[in-house]
Amino acid sequence: MEDNNDGCLTERDLLRQVASNMTKELARSGFNQKLAAQLKDKMAVHLQQCKAVWQAFEKFIHAKCNVQGKTVDTQIAGLFRRHQGQVQFLPQLEFLFAGKFKPQKSMGNGEQYAELLAAVKTVSSC
């Protein structure tokens, strides 16, 4: 994912949000003064765990797309494929409608993008 500031989520934003949610859930489960002092340390640990998982996911995507030449369908976030020498992310339509991801200009409008996504899924399932 590219690091941009046009309202879309970046890797850093995503990792911080996941780690923050994990920490908030821990705080809700039994908040007290001792736990409050430990939350900063827990946030750092959760952030490290998120980064480790993300790095493993990136390695998996790289191996499948660049090394094996396959398309990866996460069935939650979207598709990853090799396109013009790079790994391209095609988010699910639900993510586009939520406004968190924007298709590249070369992918056309929403209707054209839906057709592209369906075509890629059809080709990759063969």
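The numbers here are math on the coordinates, done by the rules we state, and not lab data. Just so you know, these numbers come straight off a predicted model, no measurement behind them. Because the Cβ atoms are built from the backbone with ideal geometry, glycine has one as well, and the counts that use them run over all protein chains shown.
Here the simple spin-label model places points 7 Å from the Cα toward Cβ, and for Q49 and K121 these points are separated by 3.2 nm. If R0 is 22 Å, the Cβ-Cβ spacing of I76 and Q112 corresponds to a FRET efficiency of close to 0.45. Take each peptide in 78-90, 59-71, count the other Cβ atoms within 10 Å of every residue, and average; sorted highest first, the result is 78-90, 59-71.
As a calculated quantity, the FRET efficiency between V87 and K40 at R0 = 41 Å, using C-beta atoms, amounts to about 0.70. A crude spin-label estimate for the pair S20 and E94, with each label 7 Å from Cα along the Cβ direction, gives 2.2 nm.
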